[in-house]
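Scroll down for the structure; my scribbles are underneath it.
The values are calculated or read from the model by the stated rules, or taken from the named source; none is laboratory data. These numbers were taken from a predicted model, which means no experiment stands behind them. For neighbour counting, all protein chains shown are included, and Cβ atoms are generated from backbone atoms with ideal geometry for every residue, glycine included. These accessible areas exclude ligands, DNA and RNA; they are computed on the full protein's heavy atoms, side chains included. Shrake-Rupley method; radii C 1.70, N 1.55, O 1.52, S 1.80 Å.
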Amino acid sequence: RVKEEGRNGLRFYHDSMQEAVRERVAIEQGLREALVHERFRLHLQPQADATGRIVGAEVLLRWLRDDGQLVAPGVFIDIAEETGLIVPIGRWVLRQACELLARWDSMPRAGTPQSPLALSVNVSSRQFRQPDFVDDVLAIVRASGADPRRLVLEVTESVFLGDLDDSARRLQALRAHGIQISLDDFGTGYSSLSYLRSLQVDEVKIDQSFVRSMLHDRGSDAIVRAVIALSNTLGLRTVAEGVETPQQRDYLLEQGCRVLQGYLIGRPTPCEQWASALPPPASGAEPG
Ligand code: C2E
Ligand code: MG
Ligand code: MG
Ligand code: MG
């Protein structure tokens, strides 16, 4: 009896493994088709300064499946990364974002003078390590007519796992053309605070896990305050991710954080709804 149960257990294990493999293959195939048929969409999430003014937005990728379902990157980014599909997908995202920047610039700004927004685009490590990454980015920016100073590339600490000098050179080359660099999810990876000094970045994004717990966890609170203080000393802009409550906002501003991003400021919304670089009036289109 025991033996039989064991066999059933093994069989169940085997089946769920097969199921997982099938799902991966289906996602990979779906991503390939989505690339060909441009079934990706961009959502923008606003970023506000201390006065509440919207100063930028992060570009967040969505996959529009054939059944009409909009899929968040958590489901497919890892697979895109492992299969290398993230390279053409990332290039597509960058091109769309740059074209959006250029289009906004060509539109007359109605009402009060609004300084132009910056757009932040996520770049995966695999993409960043492509030999022609810098040239590729510069070519896309140039072709779009976007102002490179309004483009922010978000990289994570993992880009520094490889050849640190090479990574630094790439960042420097991009910055020499006016493109800004942001260190995303800061504090979750392998970084040490000393990277902030030696690396050529303009902005540090405090990961939302710290923001979520900083008001009731002393460790998170200490990290948040240390990162903000050091960033300010080094002249770097700090952006807090995942700001959901007024208490979190007030505390972050009190500590000297310069820019806030999170559901409290606004949810990610389809980029078509952003008329001439302003977020849609009711930015709550995306649940969760
Ligand atoms: P990220 O770059 O750290 O983006 C922030 C994520 O936090 C987004 O999830 C956003 O929707 C979510 N978020 C924003 N505010 C709040 C909040 O107040 N509370 C909570 N709980 N969550 C909030 P999303 O859109 O699902 O993206 C997940 C990750 O996928 C991103 O994390 C980024 O690493 C990756 N990603 C998204 N778009 C791209 C892309 O175009 N290229 C690459 N390589 N990665 C991307
Ligand atoms: Mg990001
Ligand atoms: Mg992040
Ligand atoms: Mg994150």
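Key figures for this structure:
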{"read-out": "Cβ pairs under 7 Å, 6+ apart, first in the range 235-258 and open to solvent by 20 Å² or more (accessible area, probe 1.4 Å), second of a type in the set (Phe, Trp, Tyr) and at pLDDT 95 or above", "value": "Glu244/Tyr263"}
{"read-out": "Looking only at the range 148-160, and only at residues there that are closer than 19 Å to Arg126 by Cβ and assigned to a strand (DSSP E or B), the one that is farthest from ligand 3 (Cβ to nearest atom)", "value": "Leu153"}
{"read-out": "Of the criteria (1) more than 24 Å from Thr233 (Cβ to Cβ); (2) surrounded by fewer than 18 Cβ atoms within 10 Å (Cβ to Cβ); (3) modelled with pLDDT of 95 or more, which one Ser115 fails", "value": "(3)"}
{"read-out": "Unmet criterion (only one of (1) more than 16 Å from ligand 1 (Cβ to nearest atom); (2) small (Gly, Ala, Ser); (3) open to solvent by less than 10 Å² (accessible area, probe 1.4 Å)) for Ser120", "value": "(1)"}
{"read-out": "Among (1) touching a helix residue (DSSP H, G or I) at 6+ places or on another chain (Cβ under 8 Å); (2) over 19 Å from Glu244 (Cα atoms); (3) free of Cβ contacts under 8 Å to residues at least 40 places away in the same chain - the single one Ala176 does not satisfy", "value": "(1)"}
{"read-out": "Residues of the range 64-79 satisfying the condition of being over 15 Å from the mean Cα position of the chain (by Cα) and open to solvent by less than 20 Å² (accessible area, probe 1.4 Å)", "value": "Val71, Ile79"}
{"read-out": "Residues satisfying the stated conditions in the range 181-220, i.e. within 12 Å of Thr238 (Cβ to Cβ), away from ligand 4 (no atom under 13 Å from the Cβ) and open to solvent by 30 Å² or more (accessible area, probe 1.4 Å)", "value": "Asp202"}
{"read-out": "Some residue of the range 161-184 being of a type in the set (Asp, Glu) and within 16 Å of ligand 3 (Cβ to nearest atom)", "value": "yes"}
{"read-out": "Residues located in the range 179-209, provided they are in contact (Cβ under 8 Å) with a residue 40 or more places away in the chain, polar (S, T, N, Q) and touching a helix residue (DSSP H, G or I) at 6+ places or on another chain (Cβ under 9 Å)", "value": "Gln180"}
{"read-out": "Test: residue in the range 7-29 that is surrounded by 13 or more Cβ atoms within 10 Å (Cβ to Cβ) and either small (Gly, Ala, Ser) or under 15 Å from the mean Cα position of the chain (by Cα) (or both)", "value": "no"}
